[in-house]
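J.: Have a look at this one before I ask anything.
The values are calculated or read from the model by the stated rules, or taken from the named source; none is laboratory data. All of these numbers come straight from a predicted model, not from anything done at the bench. Note that each Cβ is placed from the backbone with ideal geometry, even for glycine, and that neighbours are counted across all protein chains shown.
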């Protein structure tokens with residue numbers, strides 16, 4: 001196994017742990033979301049605020065790490081020095097991503113939540129719900145990537 005494949009395997013293992021943490025954080029969002037939905041952002045407890053912050057950070061880090069793993073796959077496919085949009089196109093060609101536009105939408109949701117302020121509870125609620133809904137898309141990519149790597153490189 002070459003050095004890049006060892007790095008890719010380490011990234012995949014890291015993604016497995018990150019996914020577990022993200023799943024845990026999604027599970028902790030019900031109470032904070034209910035309060036935010038009712039417009040009561042200011043009554044979130046410190047633990048609930050921490051749960052929201054942890055979910056946001058874990059979601060962002062998980063998507064970012066998927067992108068880094070894509071780069072390792074691109075290196076194996078001899079496309080090391082191309083733009084990230086070309087890497088996404090390659091992931092679509094390889095069957096790892098079904099829809100590269102959806103990747104961009106999820107990235108936009110992720111970025112938007114960092115600019116939503118607590119004074120607009122409805123906007124914050126919608127952004128967080130959209131992120132939670134997007135976890136299934138990211139998990140699907142993760143699953144397909146693991147299958148591709150296992151079937152192609154091992």
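J.: Condition first: in a helix (DSSP H, G or I), surrounded by fewer than 20 Cβ atoms within 10 Å (Cβ to Cβ) and at pLDDT below 95. Can you find one or more residues in region 114-122 that meet it? Spell out the reasoning first.
T.: First, the residues of region 114-122 that are in a helix (DSSP H, G or I): 121-122.
Next, only the ones that are surrounded by fewer than 20 Cβ atoms within 10 Å (Cβ to Cβ) stay: 121-122.
Next cut, at pLDDT below 95 only: 121-122.
Yes, region 114-122 has at least one match.
J.: Every residue in region 21-32 that is buried (at least 19 other Cβ atoms within 10 Å of the Cβ) and more than 13 Å from the chain's Cα centre (by Cα), please.
T.: Correct list: 29, 32.
J.: Which pairs turn up if I take residues in region 92-112 that are at positive phi and modelled with pLDDT of 95 or more and look for partners that are surrounded by 12 or more Cβ atoms within 10 Å (Cβ to Cβ) and part of a helix (DSSP H, G or I) with beta carbon separation below 8 Å, at least 6 apart in sequence or on another chain?
T.: 95/144; 95/148
J.: Looking at (1) more than 20 Å from residue 26 (Cβ to Cβ); (2) in a helix (DSSP H, G or I); (3) touching a helix residue (DSSP H, G or I) at 6+ places or on another chain (Cβ under 9 Å), which is the one condition that is false for residue 110?
T.: Status for residue 110: all satisfied but (1).
J.: If you don't mind, there's one more thing I want to ask. I'm checking my understanding of the structure. Among residues of region 75-84 that are touching a residue at least 12 places away in the same chain (Cβ under 8 Å) and farther than 18 Å from residue 14 by Cβ, which one is surrounded by the most Cβ atoms within 10 Å (Cβ to Cβ)? Lay out the reasoning, then the answer.
T.: First pass over region 75-84, keeping only residues touching a residue at least 12 places away in the same chain (Cβ under 8 Å): 75-77, 84.
Of the ones still in play, those that are also farther than 18 Å from residue 14 by Cβ are 77, 84.
Numbers: 77: 15, 84: 12.
Among those that are touching a residue at least 12 places away in the same chain (Cβ under 8 Å) and farther than 18 Å from residue 14 by Cβ, it is 77.
J.: Could you give me the residue pairs with C-beta distances under 8 Å whose first residue belongs to region 1-20 and is more than 11 Å from residue 65 (Cα to Cα), whose second residue is outside any helix (DSSP H, G or I) wherever it lies, and which are 6+ apart or on separate chains?
T.: Close Cβ pairs satisfying both conditions: 9/1.
J.: Restricting to region 120-154, and then to whatever is over 20 Å from residue 72 (Cα atoms) and without any contact (Cβ under 8 Å) to a residue 24 or more places away in the chain, can you tell me which residue is nearest to the chain's Cα centre (by Cα)? Outline the logic, then answer.
T.: Step one: filter region 120-154 for residues over 20 Å from residue 72 (Cα atoms), giving 120-137.
Imposing the further condition that a residue be without any contact (Cβ under 8 Å) to a residue 24 or more places away in the chain reduces the set to 120, 123, 126-127, 130, 133, 136.
Details: 120: 24, 123: 20, 126: 17, 127: 14, 130: 12, 133: 11, 136: 9 Å.
This residue is 136.
J.: Given the structure, is residue 108 exposed (fewer than 12 other Cβ atoms within 10 Å of the Cβ) and within 14 Å of the chain's Cα centre (by Cα)?
T.: Numbers: exposed (fewer than 12 other Cβ atoms within 10 Å of the Cβ): yes; within 14 Å of the chain's Cα centre (by Cα): yes.
Answer is yes for this residue.
J.: Pull up region 33-50, narrow it to residues that are surrounded by 15 or more Cβ atoms within 10 Å (Cβ to Cβ) and free of Cβ contacts under 8 Å to residues at least 40 places away in the same chain, then point me to the one that is nearest to the chain's Cα centre (by Cα). Show your work before the answer.
T.: First pass over region 33-50, keeping only residues surrounded by 15 or more Cβ atoms within 10 Å (Cβ to Cβ): 33, 35-37, 41, 44, 48.
Subset that is free of Cβ contacts under 8 Å to residues at least 40 places away in the same chain: 35, 44, 48.
On the way: 35: 24, 44: 25, 48: 21 Å.
Ranking the candidates gives 48 first.
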